[in-house]
Amino acid sequence: MPEVRPIVWDDEGLQLLDQRLLPDREVYIPCKNVEDVAKYIKEMVVRGAPAIGVSAAFGMVLAAGKLAGNCPNGQGNGSGSAAPPGFFEGLRDAAVLLKGTRPTAVNLNWAVERILKKADSLKGENPGKIHKELALEAVKIYEEDIEVNEQIGRLGAGLIGKGSTILTHCNAGALATAGYGTALGVIRSAFAQGKDIRVFADETRPFLQGSRLTVWELQKEGIPVTLIVDSAAGYYMSRKHIHYVIVGADRVAANGDTANKIGTYSLAVLARENNIPFYVAVPFSTFDFSIKSGEDIVVEERDHREVTHLNNTLLTVPGIPAGNPAFDITPAALVSAFITELGVLHKPNRAKLAEFFRLE
Ligand code: MRU
C-alpha cells in the first residue's frame, strides 16, 4: 500500500485527503455523494490529473448507488428487474457534473467515460448489480493507475544518471495520482535504485503545490530536496546545478503539445537554452488524440484571489486586476521525451506518437 494515499475507498465509502491543508494537517474528508466529489475536485481538495480522474470514477459509483437506491429492487444483486432508462440518464447527469469541474486535465473525461461505457455494457442488469460492477471498475482504475506510475517510474529511472539533480514543477507525485506519482515516480524509482539523486522543487505559485506538497512527499521518504522560487530555475540551470527537468502533464495533444501547470513552458524554454533534457512523465490516459495541437486545449482560469491573496491576506494593491491561468502549453518541440508506461518516446511529434501508440 502506498505511503501517501490521496484517495481512500473502503467500507466507509470515499474519503479524500484535503490537500489544501497540507503540509500542516492530514485530514480526510468523506464524500457522501457525487455532488461532494464534484465540489472537492473544483475546490482542489484533490488535484492532479490522474487523481481527479480516479476520484471522479468513484463519484460515478456514488451516483450509481444513489440511483439504485431510488429504483424498486435497486440495491439487490439478484434477479431484480432491469435498470430503467432514468438510471442511465442519472449517470449521464453525474458525468456532466463531474466533467464540468476542471476543464484541462483529460483524465477526468477518460475515467468518467470508462465508467459510462461499463454501465452501458450492463444494460439489462438490475441497478444493484450495475452499481457493484461500477465499483469494481473504479477500483480497477485506481489500482491500474498505481501500476502505470510504477512502470513509468521504472522506465524513467533508466534515463537518470547517478549523482544527478532533477528539477520538478508543481506536484506530479503520489498526491496527484492514486499513488506513487508520474514525475515523482521517476524520482522515487531512481532514488530506490541508489542513484544518489537530489531534487529541486519549484514552489509553483500561486497554489504552491511545490512548496506544500512535493517537498512534503519527498521529505517523508528521505529524498533530498531543495525548495526554490519559480523564478530561480533559470539561475540554477545556467550555473549547471540541474541535470534534468521532469514534469507531469494534464493533457497532451495528438502532436505532442503538452498542457501542464503554469510555468512549465518557461522551464522547457530554459531547459532548451541550457541543453538540459526536459522529460514529461505521463500515462497513456493523459493523451488526447481528439485534439490536434495545444492551441485547442482549454486552459482553466482560476480565481484571481489565488494571486492577489495568501489565505486571507492581501498581497498587493486592493482591486488590482490579476490573471491566473492554471496551466500553459509546452510545444512538443521542446519535449526531449515522453516517459509513458508503454515506453519512452524521444523527440516526439505527431507521426511518431501515432506510430508509438499504433493509432494508424
Ligand atoms: O492544478 P493542479 O494542481 O491539479 O495541477 C496539477 C499539475 O499540473 C500536474 O503536473 C499534472 O496534473 C500531472 S500530475 C501526475
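Scanning the range 258-277 for residues that are open to solvent by less than 40 Å² (accessible area, probe 1.4 Å) and within 14 Å of the ligand (Cβ to nearest atom) yields a total of 8. Within the range 275-287, residues that are touching a residue at least 12 places away in the same chain (Cβ under 8 Å) sit with their Cβ atoms under 6 Å from residues that are near the ligand (Cβ under 9 Å from one of its atoms) and among the hydroxyl-bearing types (S, T, Y), at 6+ positions apart or across chains, in these pairs: A281/T182.
Which members of the range 283-306 meet the condition of being away from the ligand (no atom under 14 Å from the Cβ) and open to solvent by 90 Å² or more (accessible area, probe 1.4 Å)?
Answer for the range 283-306, where residues must be away from the ligand (no atom under 14 Å from the Cβ) and open to solvent by 90 Å² or more (accessible area, probe 1.4 Å): S290, K292, E295, R305.
Regarding N311, is this residue in the same structural domain as L167 (by TED's automatic domain parsing) and at pLDDT below 95? In short, yes. Counting the residues of the range 23-39 that are assigned to a helix (DSSP H, G or I) and open to solvent by less than 30 Å² (accessible area, probe 1.4 Å) gives 4.
Taking the range 125-237 and the helices (runs of 4 or more DSSP H) fully enclosed by it, no element has 3 or more residues that are modelled with pLDDT under 95, touching a strand residue (DSSP E or B) at 6+ places or on another chain (Cβ under 7 Å) and open to solvent by 10 Å² or more (accessible area, probe 1.4 Å). Of the numbered conditions (1) touching a Ser or Thr at 6+ places or on another chain (Cβ under 7 Å); (2) farther than 30 Å from F207 by Cα; (3) open to solvent by 10 Å² or more (accessible area, probe 1.4 Å), V106 fails exactly one; give the number of that condition. V106 satisfies all of (1) touching a Ser or Thr at 6+ places or on another chain (Cβ under 7 Å); (2) farther than 30 Å from F207 by Cα; (3) open to solvent by 10 Å² or more (accessible area, probe 1.4 Å) except (2). The residue list P50, P84 contains one member that is within 20 Å of D145 (Cβ to Cβ) and outside the structural domain of A172 (by TED's automatic domain parsing), which is P50.
The values are calculated or read from the model by the stated rules, or taken from the named source; none is laboratory data. Model, not experiment: these values are computed from the prediction. Virtual Cβ from ideal backbone geometry, glycine too; neighbours counted across all protein chains shown. Accessible surface areas use protein heavy atoms only, side chains included; no ligands, DNA or RNA. Shrake-Rupley method; radii C 1.70, N 1.55, O 1.52, S 1.80 Å.
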